[in-house]
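Asker: Okay, handing you the structure first.
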Amino acid sequence: MVKLVTLTIDGIKVQVPAAATILAAAGKARVPIPHLCYMGGINEVNACKVCVVEIAGRKHLVSACTEKVAEGMEVLVSSPRALAARRTMVQLLLSQHECDCAECSRNGSCQLQKLAADLGIGELPYRKKIVGRPWDPAFPLQRDEKKCIKCFRCVNVCAKVQTMKVWQVQKSGALTTVGVADGLNIAQAPCTLCGQCISQCPAGALSERDDVGKLETALAEKKRVLALAPPAFRSLAADFFALKKEAVTAPLVAALVKKTGIPSVTEGSEAASRFVEAEAALLAENLKKEDAAPLFSSACPVFTRFLRFKYPALKKYLSPTPSPLFFFGEEAKKGEAKNIFTLALAPCLGKKGEADEAPCAGENERPIDAVLTPQEAERFLKSFSLRAEECEAELLSKKTEGSTDPAGNSLVVPILTALYEKVTGQKLPAEKLQTFSSAPGRKDYVLELDGRTLRTCAVVGQKNAVKLLDDIQSGKAKYAYVEVMNCPALCQSAPQS
Ligand code: SF4
Ligand code: SF4
Ligand code: FES
């Protein structure tokens, strides 16, 4: 049986397991304790000391994120001593952080900025000591060392959650810093561009490369901007404008984006169809082989990078079909490519990497000129003071109908449907396709086709992808087609702190 202890937190009585930390107990008592570096089970390094609290009868303050509870403990979160110490800790962090908040992409969503404001930090009593090494400005992931507060969240989320170990704690003592492991340049490092370290950085030291300027230049030069806003972008737009997800339709997204001067917005169904057709054709070819290798979908760029870095032996099974992003760009640039600017409003950082690496088609034109991540898209759209309600009213007045279907990500069913039609010349009867969950985050699709059984699957989440790849490598699982979406929940989720 779990041993429980009873303690008070700012006078509120709470009972928790004896192994709990003060921070966990405070959570149960609903007493907020500010914290920056702590991420449960991922980053418990006691680095920032922002969570200091006083314990009645004890001489020294303690960190609530690591100190365990005890029977009868009286915790004082906001005593004058605890508050003064917390202010000092934040002032010390600010003394090593370049506070260019107005120019920072995290302005308004920065945890350090909020904490400093909440604690009423004014002038800093400490001399600022800010150092920073140069960074490759072309890489999709940007790091500004001058803002790093050495909380190590990036180091541990990358190593423990994403299993990539891109970052490393370097030097020691007052010189301790974070850099790319093994002295590599970030472009040489095994970064999958999953973006999780950016989401977890509490100080704006990590960010996505800002491509809003490229779009603004194109608009100023009167280029014809053709935008791809995939179905996943609908729920992002709902968040930006605080709308209900089911209220945001494709026409509403298009109407909002067009208010910025972008004349053409598509969800990319044609590009997706071309992708589906190409994948179905490859699968049809594979059917002719006795023991065909699995085919890995190239639709998720984070997964393709992950496979490249972590499972080089399986890399050869990656589908040669470029992703729907490429098909959109290629189609859009047919004709006068010079005057066309292709834009993708993408749900993730990985798409920036994908666009950067896409082969040039004629006259050095890349298929996609700019990819805006949700953060950039939000900044861009909000700079126009758009009001979603106006667009909604306008759409209603024109009786425009829009789908409110939840934006599904997987293309496995459309690919199998196209394959069936290609091979048999007939529509796919429902009973020929069985679906079931075969492992956490893994859905199997089994197709009865011309007397053969074709087993395929769609996997969501990197942890589940690792299990699948290990099963494939060990021979435990055999699939004809595999689709992995590296990030769960429409490519937007991040580990919670
Ligand atoms: S880059 Fe951000 S997450 Fe990483 S150690 Fe610095 S402040 Fe923390
Ligand atoms: S983007 Fe992902 S893989 Fe790259 S450094 Fe950050 S957490 Fe690691
Ligand atoms: S949150 Fe407790 S030391 Fe940083």
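Asker: Relative contact order for region 95-208 using alpha-carbon pairs under 8 Å, separation at least 6, rounded to a whole percent? Could the numbers behind the result be given before it?
Answerer: On the way: 150 pairs, mean separation 35.8, N = 114.
It comes to 31 percent, rounded to a whole number.
Asker: Too long at a 31 Å Cα-Cα cut-off: which of Lys244/Lys443; Lys165/Lys289; Lys49/Lys129? Present the calculation step by step, with values, prior to reporting the outcome.
Answerer: Values: Lys244/Lys443 28 Å; Lys165/Lys289 39 Å; Lys49/Lys129 19 Å.
Listed pairs above 31 Å: Lys165/Lys289.
Asker: Further question: Whole-Hz Karplus ³J(HN,Hα) for region 126-139, in order, using 6.51 cos²θ - 1.76 cosθ + 1.60 and θ = phi - 60°, x for Gly and Pro?
Answerer: Karplus values, whole Hz, x for Gly and Pro: 9, 5, 6, 10, 10, 10, x, 9, x, 9, 5, x, 8, 6.
Asker: Report the convex hull volume per residue for the chain, counting only C-alpha atoms, in Å³. List each step's numbers first, then the result.
Answerer: Working: hull volume 100.6 nm³, N = 497.
Taking only Cα atoms, the chain has a hull volume of 203 Å³ per residue.
Asker: Taking the Cα atoms of region 95-208 alone, what are Rg (to one decimal) and Dmax (as a whole number) in Å?
Answerer: My reading of the Cα-based Rg and Dmax gives 14.2, 42 Å.
Asker: Something else: Just to verify a number: FRET efficiency for Thr176 and Gln426, C-beta to C-beta distance, R0 = 60 Å, to 0.05? Mind dumping the intermediate values first?
Answerer: On the way: r = 66 Å, r/R0 = 1.10.
With R0 = 60 Å, the Cβ-Cβ based efficiency is 0.35.
Asker: Fully extended, how many nm does the chain gain between Arg30 and Lys223 (0.36 nm per residue separation, minus their Cα-Cα distance)? Display every interim value, and only then the final one.
Answerer: Working: separation 193, 0.36 × 193 = 69.48 nm, distance 5.34 nm.
Result for the pair: 64.1 nm of gain on full extension.
Asker: Still on this structure, please answer the following. How high is the FRET efficiency between Lys128 and Glu216 when r is their beta carbon distance and R₀ equals 30 Å, given to the nearest 0.05? Present the calculation step by step, with values, prior to reporting the outcome.
Answerer: Working: r = 32 Å, r/R0 = 1.08.
Taking R0 as 30 Å, the efficiency between Lys128 and Glu216 is 0.40.
Asker: Region 4-93: percent of C-alpha pairs farther apart than 16 Å?
Answerer: Working: 1918 of 4005 pairs.
Roughly 48 percent, rounded to a whole number.
Asker: Using 1/(1 + (r/R0)^6) with R0 = 45 angstrom and r between the beta carbons of Asn107 and Thr6, what's the FRET efficiency to the nearest 0.05? Please report the intermediate quantities before stating the final value.
Answerer: Numbers: r = 43 Å, r/R0 = 0.95.
E between Asn107 and Thr6, to the nearest 0.05, is 0.55.
Asker: Run the numbers for Lys146 and Ser264: contour at 0.36 nm per residue of separation, minus the present Cα-Cα distance, in nm.
Answerer: Values: separation 118, 0.36 × 118 = 42.48 nm, distance 3.95 nm.
Length gained, Lys146 through Ser264: 38.5 nm.
Asker: Taking amide H positions as placed in the peptide plane 1.01 Å from N, state which residues far from Val178 in sequence (5 or more) or on other chains have amide H under 5 Å from it.
Answerer: Sorted by chain and number, the residues that satisfy this are Gln170.
Asker: Quick one: putting +1 on the C-beta of Lys and Arg, -1 on the C-beta of Asp and Glu, what dipole do you get for region 95-208 around its Cα centre, in Debye to the nearest 20? Each step should come with its number before you reach the end.
Answerer: Values: 14 positive and 10 negative charges, 78 e Å.
About 380 debye.
Asker: If you average the C-alpha positions of region 78-153 and of region 1-24 separately, how far apart do those two centres end up, in angstrom?
Answerer: 32
Asker: Moving on to the next point. Cut-off under 22 Å on the C-alpha distance; same-chain residues fewer than 8 positions from Lys214 excluded. Which lysines are left, in chain and number order?
Answerer: Lys222, Lys223, Lys258, Lys259, Lys333, Lys334, Lys338, Lys351, Lys352, Lys382
Asker: Separation of region 210-231 and region 291-335 by C-alpha centroid, Å?
Answerer: First find each Cα centre; the distance between them is then 25 Å.
Asker: Let me ask something additional. Taking the Cβ of Pro440 as the centre, find all other residues whose Cβ is under 14 Å away and add up their charges (Lys, Arg: +1; Asp, Glu: -1).
Answerer: On the way: positive: Arg442, Lys443, Lys463, Lys467; negative: Asp444, Asp470, Asp471.
Overall, the nearby charge balance is +1.
Asker: Which whole-number percent is the relative contact order of the chain (Cα, under 8 Å, 6+ apart)? All intermediate terms of the calculation are to be shown ahead of the outcome.
Answerer: On the way: 836 pairs, mean separation 60.1, N = 497.
Answer for the chain is 12 percent.
Asker: Relative contact order of region 4-68, please, whole-number percent, based on alpha carbon pairs below 8 angstrom and at least 6 residues apart.
Answerer: On the way: 93 pairs, mean separation 18.5, N = 65.
It comes to 28 percent, rounded to a whole number.
Asker: Set the bar at 30 Å for Cα to Cα. Now go through Lys59/Lys150; Lys422/Lys463; Lys28/Lys310 and name every pair that lies beyond it. Before the final figure, lay out the partial values.
Answerer: On the way: Lys59/Lys150 27 Å; Lys422/Lys463 34 Å; Lys28/Lys310 39 Å.
Distance filter (> 30 Å) returns Lys422/Lys463; Lys28/Lys310.
Read-outs: derived from the displayed coordinates by stated rules, not from any lab. Here the structure is a predicted model, which means the values were calculated and not measured. Note that we place each Cβ from the backbone using ideal geometry, even for glycine, and neighbour counts take in every protein chain shown.
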